[in-house]
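Enquirer: First the structure, which I've put down as structure tokens, then a few questions once you've had a look.
The values are calculated or read from the model by the stated rules, or taken from the named source; none is laboratory data. Computed from a predicted structure; not experimentally measured. In this analysis, Cβ positions are derived from the backbone assuming ideal geometry, glycine residues included, and neighbour counts consider all displayed protein chains. We work out accessible area using only protein heavy atoms, side chains counted, and drop any ligands, DNA or RNA first. Shrake-Rupley method; radii C 1.70, N 1.55, O 1.52, S 1.80 Å.
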Amino acid sequence: MNVIQAVAERWSPRAYEPTPFPDAQLKQIFEAGRASHSCFNEQPWRVLFAKKDAGAARAQLEALLDPGNAFAKEAWILALSLGKKTFTKTGQPNRHNGHDVGSASQAMSLCAWDLGLGMRYMAGFNLDAARKLVPADYEPYSLFVIGHAQKGLEKPARERRPLLDSFFENGFELKSKSLS
Ligand SMILES: Cc1cc2nc3c(=O)[nH]c(=O)nc-3n(C[C@H](O)[C@H](O)[C@H](O)COP(=O)(O)O)c2cc1C
């Protein structure tokens, strides 16, 4: 599958089978995150993950979930994305860390899609509790699941803002003529 096809087809399932998938695939997904671009090549992304059978480590991540995201407990992988808030070389704040965690997150989800796996990010979690799991220099951004989507799920219609409402030419909120 090429990237354009993965971008076009990817969606985020909200129900999962508990079945495992090979570590080699998980490694491939994380390698896609690792390969992402970042400010000063800082690579501020960190991912804390637990498999469904990991016992206490898994329970710790599941406890973070908002009730509305309980579906995530079924998936083989439950993970938390984090961004390192300062540059390692200088100790200065890295205001781009969230941007770069986002880049890595997108790369991982496209790779997972290509491998036939589902992935869904979740902002609905207990941020204060998540912060307690990691050192102070790391900001939790999103919980996410990776796994086999429940069989029979239908892809919902994709809802997106019109292109010209988000991508401006020659000035903020100016409608591009070349893209219309
Ligand atoms: C940072 C982030 C936070 C999200 N939080 C949640 C969440 O808490 N619960 C949920 O079910 N989906 C969550 N989503 C999934 C989005 O609702 C979903 O990606 C969006 O509706 C677009 O659908 P698609 O990914 O299938 O294209 C989140 C997605 C992102 C990127």
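Enquirer: Within segment 16-39, take every residue that is within 14 Å of Ala149 (Cα to Cα) and surrounded by 17 or more Cβ atoms within 10 Å (Cβ to Cβ) and give me the one that is farthest from the ligand (Cβ to nearest atom).
Expert: Phe21
Enquirer: For segment 83-95, does any single residue satisfy the condition of being within 30 Å of Ser180 (Cα to Cα), more than 11 Å from the ligand (Cβ to nearest atom) and either modelled with pLDDT of 95 or more or assigned to a helix (DSSP H, G or I) (or both)?
Expert: Checking segment 83-95: not a single residue is within 30 Å of Ser180 (Cα to Cα), more than 11 Å from the ligand (Cβ to nearest atom) and either modelled with pLDDT of 95 or more or assigned to a helix (DSSP H, G or I) (or both).
Enquirer: Can you find even one residue in segment 66-79 that is modelled with pLDDT of 95 or more, small (Gly, Ala, Ser), crowded, with 18+ Cβ neighbours inside 10 Å and under 14 Å from the mean Cα position of the chain (by Cα)?
Expert: yes
Enquirer: Only one of (1) open to solvent by 60 Å² or more (accessible area, probe 1.4 Å); (2) farther than 21 Å from Val3 by Cα; (3) within 11 Å of the ligand (Cβ to nearest atom) fails for Glu154. Which number is that?
Expert: (3)
Yes or no, residue by residue, for (1) away from the ligand (no atom under 12 Å from the Cβ); (2) not in a loop (DSSP other than H, G, I, E, B):
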position	(1), (2)
Met108	no, yes
Ala112	no, yes
Gly116	yes, no
Ala130	yes, yes
Leu143	no, yes
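Enquirer: Next question. Within segment 33-43, is there a residue that is of a type in the set (Phe, Trp, Tyr) and part of a strand (DSSP E or B)?
Expert: no
Enquirer: A further question on this structure: Pairs under 9 Å by beta carbon, first residue of a type in the set (Lys, Arg) in segment 146-175, partner in a loop (DSSP other than H, G, I, E, B) and modelled with pLDDT of 95 or more, six or more apart or different chains?
Expert: Lys151/Glu17; Lys155/Trp11; Lys155/Pro13; Arg158/Trp11; Arg160/Ser166; Lys175/Phe168; Lys175/Glu169
Enquirer: What are the pairs, 6+ residues apart or on separate chains, where a residue within segment 26-52 that is at positive phi has its Cβ under 8 Å from a residue that is open to solvent by 50 Å² or more (accessible area, probe 1.4 Å) and in a loop (DSSP other than H, G, I, E, B)?
Expert: Pairs found: Phe40/Lys89.
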